[in-house]
Amino acid sequence: LATVVVAVDGTSGSGKSSTCRGVAGRLGLRYLDTGAMFRAVTWWMLQHGVDVHDPDAVAARAGEPVLASGTDPDGPTIAVDGVDVSAAIRTEEVTRAVSPVSTVPAVRARLLAQQREIIAPPGGPGGGIVVEGRDIGSTVWPEAEVKVYVTADPAARAARRALEEGGSDVAATEQVLRERDRIDSGRATAPLVQADGAVHVDTTPYTLDEVIDLLVDLVERTL
Ligand code: C5P
């Protein structure tokens, strides 16, 4: 397990984050939430008045925000320019803007380099890691020992997410999830796909604990 990379990709709101944190915790691995990195860049763009729907404007400033990701599954953190934005990146404003920002190749290129450095630090052993995102098994780390592609029924995802958000409107939540999936799957650079060799898990009928058990089993059987 010292160097294993577990790549978990999938649609928005399929329970990836809780699942991946649980799996990493159970196996004593690090955890990287690459979605949080895209959200942090998006948050920075909004803070700096950049039009997030103008790819050239986003690309021009893509190199500016300095990100730092913590990889403890019990309390992952993300900081931009030294400010912890773990909570700030979860607002509806960021959620609506993140998929358009994530289509911009200059944004993807710089985060890709940083993600690879976190997975395998140039200075020495970083330790095994569970990495969550949309393009981990296909682009960021195609050589991952374990690859999982997680999906769930959109209506079930929306109901779960609306509950987490304190009873927000289910239909509106489903619409935002579907729109993010549409943009993430349709973009030219590193779209969301089931990577070669990835095991597809539809989480719709399972509880969180059942999905964690399933993935822990999968990792243990693979190694
Ligand atoms: O996982 P999360 O929902 O926080 O991701 C937010 C957004 O970041 C996704 O909808 C997608 O647009 C983008 N993303 C990406 N590639 C990744 C991870 C996230 O494009 N590896």
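Can you compute the charge dipole magnitude of the stretch 28-158 about its Cα centre, using +1 on each Lys and Arg Cβ and -1 on each Asp and Glu Cβ, nothing else charged? Give it in debye, rounded to the nearest 20.
Numbers: 11 positive and 17 negative charges, 37 e Å.
For this selection, approximately 180 debye.
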message: With a 1.4 Å probe and all protein chains left in place, how much of the accessible area of the stretch 178-223 comes from carbon and sulfur atoms, in whole percent?
response: 50 percent
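Once you sort the root eigenvalues of the Cα gyration tensor of the chain as a ≥ b ≥ c, which label holds: rounded (a/c under 1.5), prolate (a/b larger than b/c) or oblate (the other case)? The partial results should precede the final answer.
Numbers: a/c = 1.58, a/b = 1.14, b/c = 1.38.
It is oblate, given that a/c is not under 1.5 and a/b is not larger than b/c.
Quickly rank 115-121, 35-41 as a protection proxy: mean count of other C-beta atoms within 10 Å, highest first. Write out the running numbers ahead of the final one.
On the way: 115-121: 15.4, 35-41: 24.1.
Descending mean neighbour count gives 35-41, 115-121.
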query: How big is the accessible area of T3 in square angstrom, nearest 10, if you roll a 1.4 angstrom probe over the protein chains?
result: 110 Å²
message: So, for the chain, what is the accessible surface per residue at a probe of 1.4 Å, expressed in square angstrom?
response: 45 Å²
statement: For the stretch 91-146, the accessible surface attributable to carbon and sulfur atoms (probe 1.4 angstrom, ligands and nucleic acids excluded) amounts in percent to 57 percent
query: Under 5 Å between amide H atoms, partner at least 5 residues away or on a different chain: which partners does V150 have, H built in plane at 1.01 Å?
result: D9, G10, T11, V201
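At 222 nm, what helix-only mean residue ellipticity would the chain give, in deg cm²/dmol to the nearest 500, using -39500 (n - 2.57) for each DSSP H run of four or more? Kindly include the intermediate steps, with their values, before the conclusion.
Numbers: 8 runs with 102 residues, N = 223.
One gets -14500 deg cm²/dmol as the mean residue ellipticity at 222 nm.
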field: For the stretch 104-223: rounded, prolate or oblate by the Cα gyration tensor [a/c cutoff 1.5]
entry: oblate
- prompt: Pick from E145, E93, E164: which is most flexible by mean-square fluctuation in a GNM of the chain where alpha carbon atoms under 10 Å apart are linked?
  reply: E164
task: Would you mind putting 208-214, 136-142 in packing order, based on average other-beta-carbon counts within 10 Å, highest first?
output: 136-142, 208-214
message: I'd like to compare 12-20, 60-68: which one has the highest average count of other Cβ atoms within 10 Å, and what's the full order after that?
response: 12-20, 60-68
message: Once you place label points 7 Å from the Cα toward the Cβ at H53 and E93, how far apart are they in nm?
response: 1.6 nm
- prompt: What is the Cα centroid distance between the stretch 208-223 and the stretch 18-34, reported in whole angstrom?
  reply: 12 Å
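Let a ≥ b ≥ c be the square roots of the eigenvalues of the Cα gyration tensor of the stretch 21-100; is it rounded (a/c under 1.5), or, if not, prolate (a/b larger than b/c) or oblate? Write out the running numbers ahead of the final one.
Numbers: a/c = 2.46, a/b = 2.16, b/c = 1.14.
In terms of gyration-tensor shape, prolate.
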query: Each residue of the stretch 124-132 in turn: what ³J(HN,Hα) in whole Hz from Karplus with 6.51, -1.76, 1.60 and θ = phi - 60°, glycine and Pro shown as x?
result: x, x, x, x, x, 8, 9, 10, 10
task: Give, as ranges by residue number, the residues of the stretch 106-124 whose backbone N falls under 19 Å from the point 7 Å along Cα→Cβ of E143.
output: 112-124
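The values are calculated or read from the model by the stated rules, or taken from the named source; none is laboratory data. Everything numeric in this text was worked out from a predicted model, so none of it was measured. Neighbour counts are summed over all protein chains in view; Cβ atoms, including those assigned to glycine, are modelled from backbone coordinates with ideal geometry. With ligands, DNA and RNA removed, areas are computed over all heavy atoms of the protein, side chains included. Shrake-Rupley method; radii C 1.70, N 1.55, O 1.52, S 1.80 Å.
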